[in-house]
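One structure is given here, and the rest of the page talks about it.
The values are calculated or read from the model by the stated rules, or taken from the named source; none is laboratory data. Keep in mind the model is a prediction, meaning the values are calculated, not measured. Cβ sites come from the backbone with ideal geometry, for glycine too, and all protein chains shown count toward neighbours.
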Amino acid sequence: MPNSAVEIGIPWMKKLITHENPFILANIRELMEQAGIPCSIKNEFASSGSGELPHFDLWPELWILDAQDWGRAQKLLVEINDNSWEEEWTCGYCEEKNANTFDYCWNCRKERFLVEDDKN
Ligand SMILES: [Zn+2]
């Protein structure tokens, strides 16, 4: 496997998480970036058959790009898991289940549908 980190000029990269669903990974990336943690997804299009990858069963991977963010990224991932992974909301458009941290449905990308109390 070629060392792509060197190829694109990034001296340090570390894989944080692998997930079969690229949309869930993209949402985690958004949360990381909101927290100021630079990261990148590899194999994002592995299942689309782009022809560039030798294996089509590769899951997308989320890589942290800066060593100094590694500890924070791990903590944030734990928080994402602890706080919201099990607590799901159901998309009002396609009825797909989403993790609580996601503001957009991973399936249809529509904004989270919330039923709020009237505020008078
Ligand atoms: Zn949806």
Residue count, the stretch 104-116, condition away from the ligand (no atom under 12 Å from the Cβ) and either modelled with pLDDT of 80 or more or assigned to a strand (DSSP E or B) (or both), comes to 0
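Could you list, in sequence order, all residues of the stretch 25-47 that are in a helix (DSSP H, G or I) and either farther than 10 Å from Pro60 by Cα or modelled with pLDDT of 95 or more (or both)? Talk me through it step by step, then tell me what you get.
First, pick out the residues of the stretch 25-47 that are in a helix (DSSP H, G or I): 25-34, 46-47.
Matches in the stretch 25-47: Asn27, Ile28, Arg29, Glu30, Leu31, Met32, Glu33, Gln34.
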